[in-house]
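Take a look at the structure below.
Just so it is clear, none of the values below were taken in a lab; they were calculated from the coordinates. What you see is a predicted model; the values in this text were computed from it and never measured. Counting neighbours? That spans all protein chains shown, and the Cβs are built from the backbone with ideal geometry, glycine included.
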Number of protein chains: 2
Amino acid sequence: MTKHLFDQALELQAAGSDRPDTWLGTTSPAYWNMVGPFGGSTAATALQAVMQHPALLGEPIALTVNYASATAEGPFSITATPVRTNRSTQHWVLSLNQPNAKGEDVAVMTATAMTALRRETWQVNDMPMPDVPAPKDVERARLAGAMEWLNRYDMRFVRGGIPRKWDGADKLSPDSLTQLWVRDDVPRPLDFASITAMADVFYPRVWLRRPLHVPAGTVSMTVYFHASAAQLQQAGTGYVLAQARGQAFRHGFFDQSAQLWDESGTLLVTSHQLVYFKE
Amino acid sequence: MTKHLFDQALELQAAGSDRPDTWLGTTSPAYWNMVGPFGGSTAATALQAVMQHPALLGEPIALTVNYASATAEGPFSITATPVRTNRSTQHWVLSLNQPNAKGEDVAVMTATAMTALRRETWQVNDMPMPDVPAPKDVERARLAGAMEWLNRYDMRFVRGGIPRKWDGADKLSPDSLTQLWVRDDVPRPLDFASITAMADVFYPRVWLRRPLHVPAGTVSMTVYFHASAAQLQQAGTGYVLAQARGQAFRHGFFDQSAQLWDESGTLLVTSHQLVYFKE
């Protein structure tokens with residue numbers, strides 16, 4: 001059986017015993033965006049380096065990735081160092097590197113992660129899943145022919161789909177809210193890596209708020225993992241309801257706040273990102 | 001004239017020419033919390049190391065700090081390394097270190113920051129300031145006698161103040177929303193460091209949602225700076241409206257999403273954090 005394309009994209013080889021924190025990978029053409037890989041798959045690959053580190057304590061609870069430049073097609077290294085291990089939490093510092101034009105090894109992504117032993121506590125969900133139609137009742141978006149990574153996802157926009165007319169200079173949308181059902185295509189059971197990628201599945205909010213096709217790209221993303229491995233496993237190959245909304249657009253950057261629920265309404269992750277835009 | 005206590009807390013000395021990215025500081029008793037300094041002042045100190053680095057490009061746009069342990073009373077070092085400088089953006093990796101019981105230098109905080117040259121672009125605020133009474137019409141909270149750092153702020157809770165009765169096992173609040181006016185006491189003109197500290201000014205959401213006085217502490221915080229230095233300067237010594245709301249409480253952690261506006265309604269920063277809680 002062929003490995004799922006997402007699992008192929010996540011493949012990392014240990015760099016060797018003299019560099020125990022370093023892993024080697026290659027960019028995946030299947031998850032190609034415009035000038036580099038889909039940022040969500042790069043973030044997932046960074047998390048993967050933590051997940052397969054022999055010193056790992058617990059499960060991911062927080063991840064922040066900063067995109068310093070587009071990742072170039074080809075090989076890269078990820079160094080994931082557990083800089084502090086407490087009784088029930090662990091702190092990671094990461095760097096994804098590639099050679100630059102001069103052949104120097106430079107960071108194309110910096111990141112920090114935190115893992116922890118989850119335990120049962122009192123719980124409450126203060127961000128209930130919005131009332132939306134079921135995935136089967138929402139038409140799948142036709143995104144073929146656009147960027148390659150879009151073919152890896154089944155996306156069904158409930159609200160705030162990609163504008164059909166780029167007439168934003170004259171006509172603002174009333175808000176920057178998008179809600180969509182999303183899952184891997186081919187379906188793949190949810191895990192920490194795939195939900196990380198899905199946290200970056202939204203097209204730039206600035207295109208929705210002011211429908212102009214301006215250059216835009218994520219510069220920093222944070223994911224807080226509220227779901228345990230068991231809860232992700234329980235969500236299985238079901239759809240995820242992904243919601244994002246911008247808060248401020250100014251000085252060439254905007255932010256977005258996002259929530260992802262499984263079909264049963266469990267809030268799996270919350271996420272935030274800062275995005276560069278032009279004009 | 002005596003320096004403002006916040007500026008005293010931010011004081012950093014260059015470690016020397018053999019460690020050009022490292023700065024030395026000392027914890028401030030004036031900003032003491034329970035078992036370490038107020039996390040907001042520690043985050044501000046980390047940002048300060050970036051701000052006074054001779055290689056700095058532009059102004060802060062994003063900061064993520066991860067609290068690996070409580071900072072102990074006494075000296076610390078901060079290393080702020082500009083790992084990647086682009087044409088208009090710069091990526092920083094930071095570590096705040098102290099000696100542990102064995103005398104080894106260990107990270108008590110890891111962080112990443114991003115700075116950028118701001119430029120004028122199209123702008124819109126998708127998170128308008130809520131309609132609340134003016135600071136002068138809201139009673140100042142009496143917090144004297146509690147933790148020392150609380151004496152450094154004038155806080156006026158519009159909604160969601162600290163519970164008076166710790167009867168949460170029986171009685172949940174309907175939500176975890178807090179809104180307060182806040183400014184430095186003694187008043188001090190706003191800047192990137194002080195607004196960073198204010199982004200961490202909220203008491204734990206879990207205390208509001210379920211009024212039980214359980215142990216809780218921030219483990220990771222991200223701040224996105226939407227305001228320019230000029231906009232912060234314009235806000236001057238005015239009050240800041242700070243709003244925070246939890247999204248999920250589960251497995252010993254909760255998150256919070258926060259917004260801070262100046263009195264004129266300009267959204268200065270948005271912020272998110274993940275907080276540990278017990279039981």
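B:LYS136 falls short on exactly one of the conditions (1) part of a loop (DSSP other than H, G, I, E, B); (2) over 18 Å from the mean Cα position of the chain (by Cα); (3) away from every other protein chain (no Cβ under 11 Å), and that condition is (1).
Yes/no matrix, rows are residues, columns are (1) free of Cβ contacts under 8 Å to residues at least 12 places away in the same chain; (2) among the β-branched types (Val, Ile, Thr); (3) in contact with a strand residue (DSSP E or B) (Cβ under 9 Å, 6 or more places away or on another chain); (4) under 23 Å from A:ALA197 (Cβ atoms):
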site	(1), (2), (3), (4)
A:PRO133	no, no, yes, no
A:ARG140	no, no, yes, yes
A:ALA144	yes, no, no, yes
A:ASN151	no, no, no, yes
A:ARG159	no, no, yes, yes
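The residue that is farthest from the other protein chains (Cβ to nearest Cβ), among those in the range A:96-133 that are over 25 Å from A:PHE38 (Cβ atoms) and part of a strand (DSSP E or B), is A:ALA116. Filtering the range B:209-230 to residues that are out of contact with any helix residue (DSSP H, G or I) (no Cβ under 8 Å at 6 or more places or on another chain), more than 9 Å from every other protein chain (Cβ to nearest Cβ) and within 13 Å of B:PHE192 (Cα to Cα) leaves only B:ALA230. Of everything in the range B:141-169 that is of a type in the set (D, E, K, R) and under 23 Å from B:HIS4 (Cβ atoms), the residue that is farthest from the chain's Cα centre (by Cα) is B:ARG142. Counting only strands (runs of 3 or more DSSP E) that sit completely within the range B:168-279, those holding 3 or more residues that are free of Cβ contacts under 8 Å to residues at least 24 places away in the same chain and under 21 Å from A:HIS226 (Cα atoms) correspond to B:240-250. Against the list (1) away from every other protein chain (no Cβ under 12 Å); (2) without any contact (Cβ under 8 Å) to a residue 40 or more places away in the chain; (3) among the hydrophobic types (A, V, I, L, M, F, W, C), the condition A:ALA72 fails is (2). Scanning the range A:47-65 finds one or more residues that are within 11 Å of chain B (Cβ to nearest Cβ), part of a strand (DSSP E or B) and farther than 30 Å from B:VAL214 by Cα. Within the range B:1-55, the set of residues being surrounded by fewer than 23 Cβ atoms within 10 Å (Cβ to Cβ), of a type outside the set (Phe, Trp, Tyr) and touching an Asp or Glu at 6+ places or on another chain (Cβ under 6 Å) comprises B:THR27 only. In the range A:242-253, the count of residues that are in contact with a Leu (Cβ under 7 Å, 6 or more places away or on another chain), of a type in the set (A, V, I, L, M) and within 7 Å of chain B (Cβ to nearest Cβ) is one or more. Condition first: farther than 23 Å from B:ARG119 by Cβ, within 14 Å of chain A (Cβ to nearest Cβ) and not hydrophobic (A, V, I, L, M, F, W, C). Can you find one or more residues in the range B:158-167 that meet it? Within the range B:158-167 (the criterion being farther than 23 Å from B:ARG119 by Cβ, within 14 Å of chain A (Cβ to nearest Cβ) and not hydrophobic (A, V, I, L, M, F, W, C)), the answer is yes, since at least one residue qualifies.
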